[in-house]
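What follows is a single structure, written as structure tokens, with notes after it.
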Amino acid sequence: MISVTNLRKEYRVHRRAPGMAAALRSVFVRSYDTVRAVDGIDFTIGEGERVGFLGPNGAGKTTTLKLLSGLLHPSSGDVRVLGFEPRERDDAFLQQIMLVLGQKQQLIWDLPPADTFELNRAIYDVPAAQYKQTLDELVTLLDLSVVMAKPTRQLSLGERMKCELAAALIHRPRVLFLDEPTIGLDVDMQVTLRTFINEYNQRWNATLLLTSHYMDDVEAMCPRVIVVDHGKLIYDGTLEALAEKARPEKRLVLRLSKPVDAADLAKLGVIVRHEAAVAVLRVERDRVKESVGAALGNLPVVDLTVENPPLEEVMRDVFRKTEPT
Amino acid sequence: MKSLRSYRKYRRLLAVQVRASVLLALQYRLDAAFDAAVELFYAATALVPLLVVFGTRGTVAGWSYPESLLVVGWFTLLQTVLDGIIVPGLTAVVEHVRKGTLDFVLLKPADAEFLVSTARFQPTRFTNVITAGLIFAYAFHQLGRGPSPGGMVIALVLLAFATVVLHSLLIMAIAASFYVVRIDNLAYLFTSVFDAARWPRSVFRGLAHVLFTFVLPFAMMTSYPAEALLGQLPPGRLLFALLGAGAFALAARIVWNRALGRYTSASS
């Protein structure tokens, strides 16, 4: 479905020192740096897979999505999506993909979203019956009926994002590229969008490649993650395995009926949080059984859960390890 | 079969784009009314230089006052084409490139040049078609005769060629926005230079004649149709106009495709 081999994208960037003298000099003599936004990455994604594409700002995530959707031309390497070379922008290819950019919008600002949907229907040449069926489904699932007739400029950010998603799905694409689709949305709206995207994936067996800085998005939607940093691929596998690799420990969350001494907690693991009724400990994976037994036997525990460390912390560790020295 | 399907798709797409532009114009009724009034005023002022010049002489470069009025009539008509059809969609490209929202155009399975060219129309600018009609009527009344049917057909064909050339020139100007960040002034410069098209072509001599015949062929756009209406256009000129329009369209296509290759899509 998607195959990427030794993909590179380089930009030539004008550099100059700060100050008036350097600015004047740069008018006559320009110096350039070559920035490697994507630096030789390889991966394949099968039909129906949901993959999170993670990395810090400037890691090359959005650039890769744009290379995969044909917006940018690779400097070198090979990209195939649905058997097409994206840079060719073949109509048959574009007919089967979509790209949602959380910080850009395609909706016509002064007209209601229904007019953008109609425009996309004409562009994608969607048969009338299919269009009606798809639109009815989108309106129901995303709860769009009240916003369909309002000018886009009067919609809230969440309503706009739902409409952006609907506009991008009018033609029932098989490959979904989502770049920060939940950015700036409240928690309820984030959950709505995640649920909807998962349902779309299951119903149409669509392939999904998502970038997001919200780890909840990734946990809810992507069993597999690809991690990039400084344009290079540093991990490709399951979320679970990534957490184990980066943070080989678990979290013990204890709810207590009365306060306990820190010294007693420290015997079980590293204290992350210590309050009167709650304590959170970091425990090596191979010591979890022993620590659970000791906590239940020696402390006034009313509830105990064993959790993976938060994904944000895992990712912070991953990126810290790849910092250039 | 495929080309027929493609034709139907683009015809429907054009209809949807026109509909969206009309809806936009209707959304802001006061703006539309004001816009239409300004257009009428602007068209009226286009006559002022002509009145000034012909106030002191009977002919200019071999053209009488009513004959020159025909050129102004075509200029008014083409101004409508430029401001109502060509400029609104294409000038938006500059903003799309700057903000990176051209992404959404390039992601669509339709010709990008067609999509941007038909993205926006200004229906209010079409009030000037009436103004042009009144100018033609007055000019022929002064001449004491009407246009020949054949001349009218040729003039309409030339209008189509002129539209192609104007569109091509603006596409080439807009393509610069892929190379430099801000080129808003280029579009204004183009519409300002277009003012020269209100004068009969024989007014221009030397370098200006070459410029307005071959580089910015305004002579073909306004003087040729006026000559056709008067029954004075040599047949070879029609062929020249056809070849010129074809050459400009081809050049614009090449420049546009090269410019798209330079698109870097502003980061989000």
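The values are calculated or read from the model by the stated rules, or taken from the named source; none is laboratory data. These numbers come from a predicted model, not from an experiment. Don't worry about glycine lacking a Cβ; one is built from the backbone with ideal geometry, like all the others, and counts go over all protein chains shown. Quick note on the areas: whole protein, heavy atoms, side chains included, nothing else; ligands and nucleic acids left out. Shrake-Rupley method; radii C 1.70, N 1.55, O 1.52, S 1.80 Å.
Size of the dipole of the stretch B:2-261 about the Cα centre, Lys and Arg at +1 and Asp and Glu at -1 on the beta carbon, nothing else charged, in debye to 20?
For the stretch B:2-261, the charge dipole is close to 760 debye.
With unit charges on the beta carbons (Lys and Arg positive, Asp and Glu negative) and the dipole taken about the Cα centre of the stretch A:166-325, which residue among A:Gly237, A:Leu299, A:Pro309 sits farthest to the positive side?
Farthest towards the positive pole: A:Gly237.
Between A:Val29 and A:Asn6, what is 0.36 nm times their sequence separation minus the Cα-Cα distance? Round to one decimal in nm.
Contour length minus Cα-Cα distance gives 4.9 nm.
Indicate, rounded to the nearest 5 percent, the antiparallel portion of the DSSP beta bridges found entirely in the protein assembly as shown.
About 70 percent, rounded to the nearest 5.
Per-residue HN-Hα couplings for the stretch A:100-108, Karplus 6.51 cos²θ - 1.76 cosθ + 1.60 at θ = phi - 60°, whole Hz, x for Gly and Pro?
Computed from phi, the couplings for the stretch A:100-108 are 10, 10, x, 10, 10, 10, 9, 4, 6 Hz.
If you take each beta carbon of peptide A:111-119 and count the beta carbons of other chains within 10 angstrom, what is the mean?
For peptide A:111-119, the averaged partner shielding equals 3.
Roughly how many Å is it from the Cα centre of the stretch B:124-187 to that of the stretch B:229-268, as a whole number?
15
Report the Cα centroid-to-centroid distance between the stretch B:28-65 and the stretch A:10-55 in angstrom, as an integer.
52
Given H placed on each backbone N at 1.01 Å, which residues far from A:Val51 in sequence or on other chains put an amide H within less than 5 Å of it?
Long-range HN contacts for A:Val51: A:Leu208, A:Leu209, A:Leu210.
Where a Cα-Cα gap under 19 Å defines reach, which lysines qualify for A:Lys66, not counting those fewer than 8 residues away within the same chain?
Correct list for A:Lys66: A:Lys9, A:Lys104, A:Lys232, B:Lys99, B:Lys108.
Compute, for A:Lys132, the solvent-accessible surface of its heavy atoms (probe 1.4 Å) with the complete set of protein chains present, and express it in square angstrom to the nearest 10.
Ignoring ligands and nucleic acids, A:Lys132 comes out at about 120 Å².
Among B:Thr80, B:Val60, B:Phe121, which residue has its Cα positioned farthest towards the positive end of the charge dipole of the stretch B:36-172, with +1 placed on the Cβ of Lys and Arg, -1 on the Cβ of Asp and Glu, and the dipole taken about the Cα centre?
B:Val60
Would you compute, from DSSP H runs of 4+ residues alone, the mean residue ellipticity of chain B at 222 nm, taking -39500 (n - 2.57) per run and dividing by the full residue count, rounded to the nearest 500?
The helix contribution divided over chain B gives -22000 deg cm²/dmol.
Antiparallel as a % of all DSSP beta bridges within chain A, to the nearest 5?
Antiparallel: roughly 70 percent of the beta bridges in chain A.
Amide H neighbours of A:Arg174 under 5 Å, at least 5 residues apart or on other chains, H built in the peptide plane: list them.
For A:Arg174, the qualifying residues are A:Ile97.
So what J values fall out for the stretch A:149-155 if you push phi through Karplus, 6.51 cos²θ - 1.76 cosθ + 1.60 with θ = phi - 60°, rounded to Hz, Gly and Pro as x?
Rounded to whole hertz, the list is 9, 8, x, 3, 5, 8, 8.
Sticking with the crude label model, points 7 Å out along Cα→Cβ, report the distance from A:Ala262 to A:Gln154 in nm, one decimal please.
Here the answer is 5.8 nm between the modelled labels.
What is the distance in Å between the Cα centroid of the stretch A:164-215 and that of the stretch A:247-325?
The distance from the Cα centre of the stretch A:164-215 to that of the stretch A:247-325 comes to 33 Å.
Whole-Hz ³J(HN,Hα) for each residue in the stretch A:197-206, computed from phi via Karplus 6.51 cos²θ - 1.76 cosθ + 1.60 with θ = phi - 60°, x for glycine and proline: what do you get?
After applying 6.51 cos²θ - 1.76 cosθ + 1.60, I find 5, 4, 5, 4, 4, 6, 5, 9, 6, 7 Hz.
Let's see if you can work this out: charge +1 on each Lys and Arg Cβ, -1 on each Asp and Glu Cβ, no other charges. What is the dipole magnitude of the stretch A:248-307 about its Cα centre, in debye to the nearest 20?
Around 80 debye, computed over the stretch A:248-307.
Residues of the stretch B:106-139 losing 40 Å² or more of accessible area relative to the isolated chain, 1.4 Å probe, heavy atoms only?
Hits at the 40 Å² cut-off: B:Leu106, B:Leu107, B:Lys108, B:Pro109.
If I take every Cα pair under 8 Å that is 6 or more residues apart in chain B, average their sequence separation and divide by the length, what percent do I get for the relative contact order?
In percent, rounded to a whole number, it is 27.
State to the nearest 20 debye the size of the charge dipole of the protein assembly as shown about its Cα centre, where the only charges are +1 on K and R beta carbons and -1 on D and E beta carbons.
Its charge dipole is roughly 1640 debye.
Given the DSSP H assignment, sum -39500 (n - 2.57) over each helix run of at least 4 residues in chain A and divide by its residue total; what's the result at 222 nm in deg cm²/dmol, nearest 500?
For chain A, the value works out to -11000 deg cm²/dmol.
Could you work out the relative contact order of chain A? I mean the mean sequence separation of Cα pairs under 8 Å and 6+ apart, divided by the number of residues, in percent.
Answer for chain A is 18 percent.
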